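Undergrad: Quick one: structure below, then a few questions.
None of the figures in this text is laboratory data; all of them are computed from the coordinates on show. It should be emphasised that the depicted structure is a prediction, and the values quoted were computed from it without experimental measurement. Please note: Cβ atoms are built from the backbone with ideal geometry, for glycine as well, and neighbour counts cover all protein chains shown.
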Amino acid sequence: MAHVEVVSGSRLVQPFLVVAALAVALAGCGQVEDRSVSAAAARAPASAAPAPTSKFQGTVTSIDAEGSRFTVSVWMVWAPVMEARPHDRHVLVDGSTRWDPGELRLSDVRLGEEVQVEADPAGDDWRASKVALFDVD
């Protein structure tokens, strides 16, 4: 025969009271402020410099085929710190740049296309390791 345990009402209510008290305490912890989030900062020791690679997304506003670069009007930076701060970045591409879809090249990029770029800083420019196009026809 199965064992049946009778649980008193106070034992059932107790966990709910703890959860409710924690929710009230967390709600009163302070005012909401804009924050940047960095996963790398949470893992890296204070003395370590953040990884230079950045992943950002935006709209292509100019293309310089001779200089192997294009300009992105960035609206979202994903890494190393997530932030939504509009600004321009000049992106350099070369033979080692990976493209998504894979058969594309700089000559296929059009003004107004949405791109996501993984790049490392190179002076005032960003050297792309990967470029993903979103408006592919």
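Undergrad: Kindly provide the set of residues from segment 79-112 that are touching a residue at least 40 places away in the same chain (Cβ under 8 Å), surrounded by fewer than 18 Cβ atoms within 10 Å (Cβ to Cβ) and under 16 Å from Thr59 (Cβ atoms), ordered by number.
TA: Arg110, Leu111, Gly112
Undergrad: Then there is this: When the residues of segment 113-137 are filtered to those that are of a type in the set (Val, Ile, Thr) and under 14 Å from Arg69 (Cα atoms), which remaining residue is surrounded by the fewest Cβ atoms within 10 Å (Cβ to Cβ)? Steps first, answer last, please.
TA: Let us first name the residues in segment 113-137 that are of a type in the set (Val, Ile, Thr), namely 115, 117, 131, 136.
With the extra rule that they be under 14 Å from Arg69 (Cα atoms), the set shrinks to 115, 117, 131.
On the way: Val115: 21, Val117: 23, Val131: 23.
Residue satisfying both the conditions and the ranking: Val115.
Undergrad: Report, by residue number, each residue of segment 89-137 that is outside any strand (DSSP E or B) and β-branched (Val, Ile, Thr).
TA: Those that are outside any strand (DSSP E or B) and β-branched (Val, Ile, Thr): Val93, Thr97, Val109, Val136.
Undergrad: Please specify each residue of segment 84-112 satisfying the condition of being of a type in the set (A, V, I, L, M) and farther than 11 Å from Arg69 by Cβ.
TA: Matches in segment 84-112: Ala84, Leu104, Leu111.
Undergrad: Residue by residue through segment 79-88, note down the ones that are assigned to a loop (DSSP other than H, G, I, E, B), closer than 20 Å to Asp120 by Cβ and not basic (Lys, Arg).
TA: Result: Pro80, Val81.
Undergrad: If you don't mind, there's one more thing I want to ask. Can you tell me how many residues in segment 64-78 are surrounded by fewer than 17 Cβ atoms within 10 Å (Cβ to Cβ) and either assigned to a strand (DSSP E or B) or among the aliphatic types (A, V, I, L, M) (or both)?
TA: Number of matching residues: 6.
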